[in-house]
Structures are given as structure tokens and as C-alpha cells.
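Read through the structure below, which is laid out as C-alpha cells, and then see the notes.
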Amino acid sequence: MVTQVVGGLAVVLLVVGLLGSWAAQRLAEREAVTDAATIADVLAEAVITPSLTDALADGDAAAVTAMDAVVRERVLGPRVIRVKLWSPEGKVLYADEPQLVGRTFPLSDDQRVALSQPQTKAEVSALDSTENEFETGGRALEVYRPVWTPSGRELLFETYSPYDSVSQRSGQLWRGFAGVTVSSLLLLVVLTAPILWRLLRRLGEARRQRERLLERTLEASEAERRRIAATLHDGPVQDLVASAFVAAGSAARAEASGQPRMADDLRGLAASVRGNIRTLRTLLVDIYPPSLASAGLATALVDLAQSAAARGLTVQVDVEGADDLGLTEDQERLVHRVAQECLRNAAKHAAPCTATIRLAREGGSVVLDVLDDGPGFDPAGLDTPAEGHFGLRVLADLASDAGAVLQVASRPGAGTHWRMAIQPEGDGAEVGS
């Protein structure tokens, strides 16, 4: 959540920065254009109009020279870099660039409007017109306005101002805008930080409560499974074992007394009871492996393999020395549960096939391998587990919580190989993923 908040704040700052830069640029352009128009109006009224003559409107060279002296002395400077005087027909009567004087160019729409409806027109020019062939730089502030000779002949006065003033003003506006914006955002962060902190603490406490609830649920489930398994083992299973012995003894006595039909019936009854005993014992191994606590991990894995045979699996077991690997009771339960789930998965999706369980020490780790020669599958499907694979994803999480690593190697038509590596407590080294 902290990462999301910081990321969101960064995005807000970026968006505000981009919008602020754009707004500052537009505002600076508008103000610079307004200033250029004001300067052009002042120059037209105070300098250009008093210096205009009809001779200049007729193209007299001496009048052009006199106007050039006035422009260079009183108009051109840092804020005005170009000056032109046009006739209504588009002829350049005067320009501070001598090569333009006397040439004719088509007037733009803004120039015609400025002449036909006497007004000042100002804009940002890209300097891409033919009249600007001698200009350098990308853009300039262009201003048009009409002026009149003493006899009333109308001419068009044009000035260019440098675009650098726009960049300077934009920077000033942006710095002022950025200061206010950043300080406002920082104030917002300061004000919301306590709220966010309390929210994070509540979320953390809720997460810890869920973890404690899950632990208690698992403990209760384990205790209930153990109770059910003990009840079945000490009650119905023992009763059935006794019944099987009684039926077998009765069959022997019936055979001895010359009652072969009754003997056959009793032997069938004994066999049926023994079958039910095997079924119940298989169920006991699934619910809670009593041999895990009594006889050890190796015996529990052998029992697990025998119970899997009823599901269409031929299981080979290589667990010699499994009880001397230094695993804790919790780690042994994890090994048994992973092996059980892997065999259950093989029985459901790969049977009939041959599976192998191996448990041995490799270096500083204890490694459980569960292999089968079934049809295999695409491991990428575990990212979005289908029915039957979700339990293995849960086991992967349980293995990770216990400091173990559960991995799978498979592909369609090539079988499946599950491997879990776990570090016995007290060995010191960690298992690599």
C-alpha cells in the first residue's frame, strides 16, 4: 500500500508538472504576444507615424534611407529585432533587411484584416513564410498594425520580437506555479500521513488476526482428524479384527465338524471383514497417519504407497533411513502431506501408472521426490489452477512457510516429477530455490 501511495503521488506530480508546464507556456506566450503588440503600438504612434512620408509610400530611395536611420536608432533593439512597412498591395516599402525592399509577397489573412479593419494583430510566427527567408531561429512574436502617411495613405507596420522572452516568462510562471503546487501536495501528504498510518496498522492487525485464525483452524482440524483416526482405530477397526479372527476360528471348527458349506461361508465372511479392515486402514492413513507418530516417517510413507495401490497406482518406495534424517515432527508431517497430495494427484490425473517415492539427504537438505510416468501436464497451468491442482498450490505455500521449496517438472507426454527440499532444523544452511 505504501508503494501504491508513493507511486500515486509520483504520478500526480508528473501529471501536474506536465500540465503546469503546458499552462505556463501558453500563458507566457499570451502575455508575451500582448506585450509585443503594446510595444508595436507605442512605436507606431511615437516613432513610425511621425517619420512617414508620401515619398516613402512611393518607394523613394532617399525616404527609405531616412526611415532606415530612424528605425535603427530608435526602434531596433533587444525587444524588436525586425521592422517592415508594407503597401496594401503586398510590396515591401521598407525593411531593415535591405534585400526585401521593393519585393512583393502575398499578404496573409491577418495582414489583410489588420488593414481592412484597422487593428493590431499579434501572434507567434513559425517564420515559414517566403518573406522570412532571411530569418534565423525557430519562432518569433509577429505584430501587424496599420499606419498612415500625412496625406492619409494607409501602410502596414510590422515588427518581430524574439521568442526568448516567452521561454523566460514561462520559466518564471512555472517556478511560481510549481512552488505553490508542490507545497500544497506536501501539505496534503503531511495531513493524510496519520490517517494512512492508522489504516496500515489496522490492515496489519487484520492480517495477523487472519493468520492466527488460520493457525487455530489448522490446529483444530489436525486435532479433529487425530481424534477421528484414533476413534476408528481403537473402536471399529479393533472390533473388525476380532470379528475376523472369530470368523476364521469358526470356519476351522465347522470344517473339522464336517460342515464344509458353513466353513466356506465363514471363510468368506472373514475375508470380507479383512477387506473392510484394509479399507478402513487406508482411510486412516488418509485422515491421519498413526504410523507417522508410532512407527516413523518411513513406515507412514510405505503405508501411503500401499493405500495408493487401490487407486490404480503401482508405487515404488525408496525411503531407507528416512527416520534418521533429523526432521522435526512438523517437517515429517509436511513431507507426508506433500507425498500424499502428489500421489492423490497422480491417481486422479495419471492412473494407471507407476509412481516412485524417494526420500534422502542431498548435501545439507532432505529431498523428497515423487515421480510418475503418466501423461504429464503443462506446469504453466498452475498459475491459474484448474480443479485438482489447487491443493498443490496450497502445499507450495505451506512448504514456503516451513522454509522448504516445492518444485515441479513436467510436460505433456513426459510424466511428472515433484521435488521438495527442506532444511532440517539445526543444520544451519538454507535451501536454495
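Here are a few things to note about the model shown:
- Set side by side, the residues LEU93, LEU107, LEU127 differ, and just one is in contact with a Ser or Thr (Cβ under 7 Å, 6 or more places away or on another chain) and of a type in the set (A, V, I, L, M), which is LEU93.
- Any hit, the range 98-107, residues being modelled with pLDDT under 90, open to solvent by 40 Å² or more (accessible area, probe 1.4 Å) and more than 15 Å from GLU158 (Cα to Cα): no
- Qualifying residue in the range 17-26 (condition: charged (D, E, K, R), at pLDDT below 90 and under 47 Å from the mean Cα position of the chain (by Cα)): yes
- Inter-residue pairs, beta-carbon under 7 Å, first among the polar types (S, T, N, Q) and in the range 395-414, second open to solvent by 30 Å² or more (accessible area, probe 1.4 Å) and part of a loop (DSSP other than H, G, I, E, B), 6+ apart: SER410/PHE377
- Hits in the range 145-167 - residues which are small (Gly, Ala, Ser) and assigned to a helix (DSSP H, G or I): SER165, SER167
- Here the strands (runs of 3 or more DSSP E) wholly within the range 305-376 that include at least 1 residues being small (Gly, Ala, Ser) and in contact with a Gly (Cβ under 9 Å, 6 or more places away or on another chain) are 353-362, 365-372.
- Yes/no for ASP41 being open to solvent by 30 Å² or more (accessible area, probe 1.4 Å) and not small (Gly, Ala, Ser): yes
- Exclusive hit being surrounded by fewer than 11 Cβ atoms within 10 Å (Cβ to Cβ) and closer than 16 Å to VAL5 by Cα, set LEU203, LEU191: LEU191
- Hey, GLU135 in contact with a Leu (Cβ under 8 Å, 6 or more places away or on another chain), more than 20 Å from THR49 (Cα to Cα) and part of a loop (DSSP other than H, G, I, E, B) or not: yes
- Hey, SER116 free of Cβ contacts under 8 Å to residues at least 12 places away in the same chain, among the small types (Gly, Ala, Ser) and closer than 30 Å to LEU27 by Cα or not: yes
- Within the range 1-30, the set of residues being within 30 Å of ILE81 (Cβ to Cβ) and either free of Cβ contacts under 8 Å to residues at least 24 places away in the same chain or open to solvent by 70 Å² or more (accessible area, probe 1.4 Å) (or both) comprises TRP22, ARG26, ARG30.
- Against the test of being within 21 Å of VAL405 (Cα to Cα), aliphatic (A, V, I, L, M) and at pLDDT below 85, the options ALA322, ALA360, ALA350, ALA346 yield a single qualifying residue, ALA322.
- With respect to being part of a loop (DSSP other than H, G, I, E, B) and surrounded by 15 or more Cβ atoms within 10 Å (Cβ to Cβ), VAL80 fits the description.
- Residue that is nearest to ARG333 (Cα to Cα) [pool: residues in the range 236-248 that are without any contact (Cβ under 8 Å) to a residue 40 or more places away in the chain and open to solvent by 20 Å² or more (accessible area, probe 1.4 Å)]: GLN238
- Exactly one residue among SER165, SER151, SER129 is open to solvent by 40 Å² or more (accessible area, probe 1.4 Å) and in contact with a Lys or Arg (Cβ under 9 Å, 6 or more places away or on another chain), and that residue is SER165.
- Test: residue in the range 143-152 that is modelled with pLDDT of 80 or more and over 21 Å from ASP41 (Cβ atoms): yes
- Residue within the range 222-230 that is in contact with a Pro (Cβ under 8 Å, 6 or more places away or on another chain) and without any contact (Cβ under 8 Å) to a residue 40 or more places away in the chain present: no
- Matching residues, the range 50-77, being closer than 16 Å to SER151 by Cβ and open to solvent by 50 Å² or more (accessible area, probe 1.4 Å): PRO50, THR53, ASP54, ASP58, ASP60
- No other residue among ALA309, ALA305, ALA300 is exposed (fewer than 15 other Cβ atoms within 10 Å of the Cβ) and of a type in the set (A, V, I, L, M) apart from ALA309.
- Check on THR217, among the polar types (S, T, N, Q), surrounded by 10 or more Cβ atoms within 10 Å (Cβ to Cβ) and more than 23 Å from ASP330 (Cα to Cα): no
The values are calculated or read from the model by the stated rules, or taken from the named source; none is laboratory data. This one's a predicted model, so the numbers in the text were calculated from it and none came from an experiment. Cβ atoms come from the backbone with ideal geometry, glycine included; neighbour counts cover every protein chain shown. To get the accessible areas, we keep the full protein, side chains included, count just its heavy atoms, and leave off ligands, DNA and RNA. Shrake-Rupley method; radii C 1.70, N 1.55, O 1.52, S 1.80 Å.
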